[in-house]
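The values are calculated or read from the model by the stated rules, or taken from the named source; none is laboratory data. It should be emphasised that the depicted structure is a prediction, and the values quoted were computed from it without experimental measurement. Cβ atoms come from the backbone with ideal geometry, glycine included; neighbour counts cover every protein chain shown. Just the protein is used for accessible areas: all its heavy atoms, side chains included, with ligands, DNA and RNA removed. Shrake-Rupley method; radii C 1.70, N 1.55, O 1.52, S 1.80 Å.
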Amino acid sequence: MSGAAATTSAGARTLAFDGAGFVPVDAPARDPLVADSWLVVDAGVVGWATHVERFAGSVARQGGDAALAQRAASAVPSAVPAAGAWFPRLDWPDPAVHDAPILHVRPAPALARRARVRTAEEDPRTTPHVKGPDLTALGALRERARGEGADEAVVTVGGIVVDGATSAVAWWRDDALHLPPASATRVASTTARQLVAVALARGVEVREEAAAPASLAGAEVWLVNALHGIRGVTAWAEPDGTHHAIAQPRRADAWHTALERLRRPWT
């Protein structure tokens, strides 16, 4: 929700699932095997069921107990304040670090409707299909982009756009919504999934395209994730300083509003 105000950081806490609910615990120091995060605004979430589905599925893929993951997710709403804007993260930790799901209750940061992008110089992902093991590496990638005046780093593989450090990438060409090809290994974005559903409901064609950053000149480009929703990209730079002349994001705000209409109470 674009008008959501950040909640005071005084409410931040780390909790562990004890089989029935969440209890206070020290935060593990290592990246989890699986993580999932989402924006909660006054107890409303966009696509909560898809987050639970992705979390449990990823836990199973990583060798964990999907049923326990689902029980932990079901207990999350009661551990997050009902009022305000929050950005909780549910983790399945490495069992060598902690033996229970971990919930980080965090205030939502300030939200943005626009973003500047920089192509990453490397792909640091070790587990590109699962959110969690590469959180620190991808966070560092984004921070390097910020140091160069961007808001997000975009990973390419073989010169083809695959994913953002913290966002999925989408673009418009010929009045059709485009996404990277399914063969491009990346985390399955819950927000991109919601976006595709909205597009299909509106009769908009959705295509896959293997696109190099330079080929997106003239296209309207978006970053999409569960925190910000849709951010229209206003600039795209390469590590050598080259800039791609992408189109201004004239559709982004209206489509972000359409996504926000999907926000529902999660209890």
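Give the peptides 160-171, 23-34, 58-69 in descending order of average Cβ contacts within 10 Å, highest first. Working shown, then result.
Details: 160-171: 23.8, 23-34: 15.3, 58-69: 17.2.
Taking the mean over residues of other Cβ atoms within 10 Å, the ranking is 160-171, 58-69, 23-34.
Tell me the carbon and sulfur percent of the accessible area for the chain, rounded to whole percent, probe radius 1.4 Å. Display every interim value, and only then the final one.
Numbers: 5970 of 11500 Å².
The value for the chain is 52 percent carbon and sulfur by accessible area.
In whole angstrom, how long is each semi-axis of the equivalent ellipsoid of segment 13-105, when you take the square root of 5 times every eigenvalue of its Cα gyration tensor and sort them from largest down?
Numbers: eigenvalues 78, 46, 25 Å².
Taking √(5λ) for each eigenvalue gives 20, 15, 11 Å, largest first.
Hey, can you find the accessible area per residue of segment 13-105 for me, probe 1.4 Å, expressed in square angstrom? Can you show the working numbers first?
Values: 3710 Å² over 93 residues.
The answer is 40 Å² per residue.
Using DSSP to define loop residues, name the GluC sites (Glu not before Pro) in segment 175-267 whose beta-carbon has at most 13 other beta-carbon atoms within 10 Å.
Hits after loop and neighbour filter: Glu205.
Go from 0 up to the bin containing the longest alpha carbon distance in segment 24-75, width 5 Å each, and give me the % of pairs per bin.
Calculated over all Cα pairs of segment 24-75, the distribution is 4, 18, 25, 23, 20, 9, 1 percent.
Taking only the alpha-carbon positions of segment 146-267 and ignoring solvent, what does the Debye formula give for the base-10 log of I(q)/I(0) at q = 0.09, 0.13 Å⁻¹?
Listed by q, the Debye log ratios stand at -0.23, -0.49.
Suppose only helical runs count, i.e. DSSP H with n ≥ 4. What mean residue ellipticity at 222 nm does that imply for the chain under -39500 (n - 2.57) per run, divided by all residues and rounded to the nearest 500 deg cm²/dmol? Working shown, then result.
Values: 5 runs with 58 residues, N = 267.
Result for the chain, helices only: -6500 deg cm²/dmol.
Would you give the gap between the C-alpha center of segment 233-253 and the C-alpha center of segment 118-183, rounded to a whole Å?
14 Å
Percent of Cα-Cα pairs per 5 Å bin, from 0 to the last occupied bin, for the chain, please list those.
Going from the shortest bin to the longest, the percentages are 1, 6, 13, 17, 19, 17, 13, 8, 4, 1, 0.
In segment 166-267, what trypsin sites (Lys or Arg not before Pro) fall in a loop by DSSP, with at most 14 other Cβ atoms inside 10 Å? Numbers along the way, then the final one.
Details: sites: Arg173, Arg186, Arg193, Arg202, Arg207, Arg231, Arg250, Arg251, Arg261, Arg263; in loops: Arg186, Arg202, Arg250, Arg251, Arg261.
Qualifying residues, ordered by number: Arg202, Arg250, Arg261.
Show me, for segment 25-31, the HN-Hα J-couplings you get by feeding each phi into the Karplus relation (A = 6.51, B = -1.76, C = 1.60, θ = phi - 60°), rounded to Hz, glycine and proline as x.
7, 6, 5, x, 8, 9, 4
What are the ³J(HN,Hα) values, in whole Hz, obtained from phi via the Karplus relation 6.51 cos²θ - 1.76 cosθ + 1.60 with θ = phi - 60°, for each residue of segment 140-152 in sequence order, with x given for Gly and Pro?
5, 4, 5, 5, 5, 5, 4, x, 9, x, 9, 10, 8
For Asp163, what is the net charge nearby, where nearby means another residue's Cβ is under 11 Å from its Cβ and Lys, Arg count +1, Asp, Glu -1? Kindly include the intermediate steps, with their values, before the conclusion.
Numbers: positive: Arg125, Lys131, Arg186; negative: Asp123, Asp134, Glu152.
Combined, the nearby Lys, Arg, Asp and Glu give 0.
Quick one: net charge of Leu216's neighbours, Cβ under 11 Å, K/R +1, D/E -1? Don't jump to the answer; show the numbers that get you there.
Details: positive: Arg173; negative: Glu209, Glu220.
Once positives and negatives cancel, what remains is -1.
Along segment 177-191, what does the Karplus equation 6.51 cos²θ - 1.76 cosθ + 1.60 (θ = phi - 60°) give for ³J(HN,Hα), rounded to whole Hz, x for Gly and Pro?
Residue by residue, segment 177-191 yields 7, 10, 9, x, x, 4, 6, 7, 5, 7, 5, 6, 6, 5, 6 Hz.
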